[in-house]
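Structure first, then comments.
Each value in this text was obtained by applying a stated rule to the coordinates, not by laboratory testing. Every value quoted in this text rests on a predicted model; they were computed, and no experiment measured them. Ideal geometry is used to build each Cβ from the backbone, glycine not excepted, and the neighbour counts take in all protein chains shown.
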Amino acid sequence: MQTSRTAAVDLYWIPLGAGGHSVRFNGRVFEAIEAARGHRARCDLYHSALVVELDGDRYTIEIAPSPDADEAGRGVVATGAVGSRYLGWWRLFRYEVRCWRGGSIPDLGEAVGAPRRLTSDSRVSRRMLDLAPTVPTPVWGRDELDAGEMWNSNSVIAWLIATAGLPTDLLRPPPGGRAPGWFTGLEAARRGGAYARERAA
């Protein structure tokens, strides 16, 4: 393993809707429905993000709505449709995968607990950055991969971590929390990125 003080991959757990009342409310409604269906207690919902350091540069990896056409300015490496593939042409129904050199994640300061250091191996950090543009892009909010959960931001982060060869067995959101879509990303990684893209096409 090639460790370096300037190489790292850190995982952050951010409360769903941090800084946005609408997203927080919708998340609570979703979780209330899911908890009732599963006959379980409600959980706090989290979405995940990665910060990668390599050769003195810092990259933020996250998934977010597409606000405007300046994708290069936000480090966008892939896009996908939200809700319906037929609506993906309209920016309001499009999400983007960002691997942003020197970028920021608006809600990173709201992350719960310290970031989880996944590796300090420079080869893995580079592999993570190389993989970002190849992430599968099924429709957000649907289970096009028949994995049992919808595809969302957690799916992308889980896919990246697993496909980069990092262990995922012990990665969990904070106590009392849940990360919908995480398993779907792991399942897509297990099947292989090419297979996931084929199913989503």
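Annotations
- Protection proxy ranking for 96-109, 165-178, using the average of other Cβ atoms within 10 Å per residue and placing the highest first: 96-109, 165-178.
- When each of F183, F93 is scored by the number of other beta-carbon atoms lying within 10 Å, the sequence from fewest to most is F183, F93.
- Per-peptide average of other Cβ atoms within 10 Å, ordering 55-61, 7-13 highest first: 7-13, 55-61
- Förster radius 22 Å - calculated FRET efficiency between L108 and T6, Cβ distance, rounded to 0.05: 0.65
- Least to most buried among E62, E110, E187 (fewest other Cβ within 10 Å first): E110, E187, E62
- Gain on full stretching of the segment that runs from L92 to R117 - 0.36 nm per residue minus C-alpha separation: 5.6 nm
- Per-residue 3J(HN,Hα) values for the stretch 169-183, derived from phi via the Karplus relation 6.51 cos²θ - 1.76 cosθ + 1.60 with θ = phi - 60°, read 4, 9, 7, 9, x, x, x, x, x, 9, 10, x, x, 4, 4 Hz in sequence order (x marks Gly and Pro).
- Placed amide H near G181: partners under 5 Å, 5+ positions off or other chain: M150
- Legend: calculated FRET efficiency, D143 to D55, from the Cβ-Cβ distance at R0 = 35 Å, rounded to 0.05, equals 0.35.
- Coupling constants for the stretch 99-110 follow from the phi torsions by the Karplus curve (6.51 cos²θ - 1.76 cosθ + 1.60, θ = phi - 60°), and in residue order they are 10, 9, 5, x, x, 10, 10, x, 9, 4, x, 8 Hz; glycine and proline get x.
- Label-to-label distance for C43 and R191 is 2.2 nm, based on points extended 7 Å past Cα in the beta-carbon direction.
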